[in-house]
Amino acid sequence: MTDKRLTIWEQARLHGYSRRDFIQFCGWIAAAAGIEATGVPQVIAALDTKPRLPVVWFHFQECTCCSESFIRSSHPIVSDIVLDKLSLDYTETLQAAAGKQAEEALHQTMTKYKGEYLMLVEGSVPTEEDGVYCCIGGRTALDIVKEAAANAKAIVCWGSCASNGCIQAAKPNPTGATPIHKLISGKPIINVPGCPPIAEVMAGTIVHLLAFDRIPQLDGLGRPKAFYSRRIHDTCYRRPNYDAGLFVETFDDENARRGYCLYKVGCRGPVTYNSCGVMRWNNGVSYPIQSGHGCIGCTEANFWDNGPFYQHLASFPGFGIESTADTVGVTVGAITAVGIAAHAITTNIKKRRQLRQEIKNSDSPAEEKKGGE
């Protein structure tokens, strides 16, 4: 590591990006992070003049899908510059160093940039059997987390594993897989759940920290509100079909081919907060629901234990788009139709009954309808 830490703009220029490319990137990432137009100059100034944040990126109980997502961002500067330069300090998966050299890089960063470095965590931490289920360099993940967190500026938990335990924490959770926020206190912690999270969401979180030198506004589950303030259901392109009572009954029926709502085949979009509906994957090509598969609710805690993925919810609160993750709760089982939702539920039921009756009348023979009159 050198004493001189280059800025994002300096790194971009070294990689052949023009000033226009850089300005476009700043505007793009600011918009993705929900920053108002008046804040774009501040983002530009930060990436233009501030040295990059020293970063240590840990990998524990996970499948590395968060890193895979990040390096496949639809904007080249994210993968070429942001990730490339973050990885120079420490990350077991992407750094060139290994063994003793890797451990030296980690401790150099934590010592030299005490109180300044950003701690990124991918994966849950096992706590059963003294943490033996995940060891790196002869040390348990739990020991490493506690040591690194002590002098970190802030902690970002990538993906559902680090944010809420994910699949490893599913019942009966034999390894005692535990999310970071249950192990560390007294430090700013940002949860960026998803299995994996969207690359632009990850990049936007980092840029916000760099540009404003503070964590973004968070919801009740510690997630950035810029990305997790609305349900997928509210921005899903299939929503009009839901409102019209048009549902897929089985994945191979005619309604599936027509692109009707996937709620009845298990879609968790109505109770899942994420940006999938407006910030799509694969260079904006699609997201799971657009590909024909319902949302499994991967950004919500305990999604793996909230019942079969292909069985519709026993009850759906029906609250409007003005509701937030704070008012919804953390699990499907805990969500109930409270007073503020009663009007919306009643209205939806009336609409569906009226629609079904109109369809029934239109399908009946003219003579039958006449006789009924």
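Data for the structure
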| read-out | value |
| --- | --- |
| Segment 99-126 residues that are under 21 Å from Leu183 (Cα atoms), paired with ones that are part of a loop (DSSP other than H, G, I, E, B) and hydroxyl-bearing (Ser, Thr, Tyr) (beta carbon under 9 Å, 6 or more apart) | Met110/Tyr117; Glu122/Thr64; Glu122/Thr93; Gly123/Thr64; Ser124/Thr175; Pro126/Tyr133; Pro126/Thr175 |
| Test: residue in segment 126-140 that is among the hydrophobic types (A, V, I, L, M, F, W, C) and within 26 Å of Thr205 (Cα to Cα) | no |
| Residues within segment 120-167 that are assigned to a loop (DSSP other than H, G, I, E, B) and out of contact with any Ser or Thr (no Cβ under 9 Å at 6 or more places or on another chain), tallied | 4 |
| Top-ranked residue in segment 21-55 [being farther than 26 Å from Val278 by Cβ and in a helix (DSSP H, G or I); ranked as farthest from the chain's Cα centre (by Cα)] | Thr49 |
| Flag if Gly186 is surrounded by fewer than 20 Cβ atoms within 10 Å (Cβ to Cβ), at pLDDT 95 or above, at positive phi and in the same structural domain as Ser67 (by TED's automatic domain parsing) | no |
| Matching residues, segment 257-268, being part of a loop (DSSP other than H, G, I, E, B) and surrounded by fewer than 24 Cβ atoms within 10 Å (Cβ to Cβ) | Arg258, Gly259, Tyr260, Gly266 |
| Matching residues, segment 20-38, being of a type in the set (A, V, I, L, M) and free of Cβ contacts under 8 Å to residues at least 60 places away in the same chain | Ile23, Ala31, Ala37 |
| Residue within segment 77-88 that is in a helix (DSSP H, G or I) and at pLDDT 85 or above present | no |
| Sole exception among (1) under 20 Å from Ser185 (Cβ atoms); (2) touching a Pro at 6+ places or on another chain (Cβ under 8 Å) for Ala152, by number | (2) |
| Near pairs, Cβ below 7 angstrom, 6+ apart or cross-chain, from segment 140-160 (in the same structural domain as His208 (by TED's automatic domain parsing)) to any residue that is part of a helix (DSSP H, G or I) and among the β-branched types (Val, Ile, Thr) | Val145/Ile180; Ile155/Ile180; Val156/Thr205; Cys157/Ile180 |
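Every residue, every condition in (1) modelled with pLDDT under 90; (2) in the same structural domain as Ile180 (by TED's automatic domain parsing); (3) assigned to a helix (DSSP H, G or I); (4) more than 15 Å from the chain's Cα centre (by Cα), yes or no:
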| position | (1), (2), (3), (4) |
| --- | --- |
| Tyr237 | no, no, no, yes |
| Pro240 | no, no, yes, yes |
| Phe251 | no, no, no, yes |
| Asn255 | no, no, yes, yes |
| Pro270 | no, no, yes, yes |
| Asn283 | yes, no, yes, yes |
| Ser291 | yes, no, no, yes |
| Thr299 | no, no, no, no |
| Pro308 | yes, no, no, yes |
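The values are calculated or read from the model by the stated rules, or taken from the named source; none is laboratory data. Predicted, not measured: the structure shown is a model, and the values here were computed from it. Because the Cβ atoms are built from the backbone with ideal geometry, glycine has one as well, and the counts that use them run over all protein chains shown.
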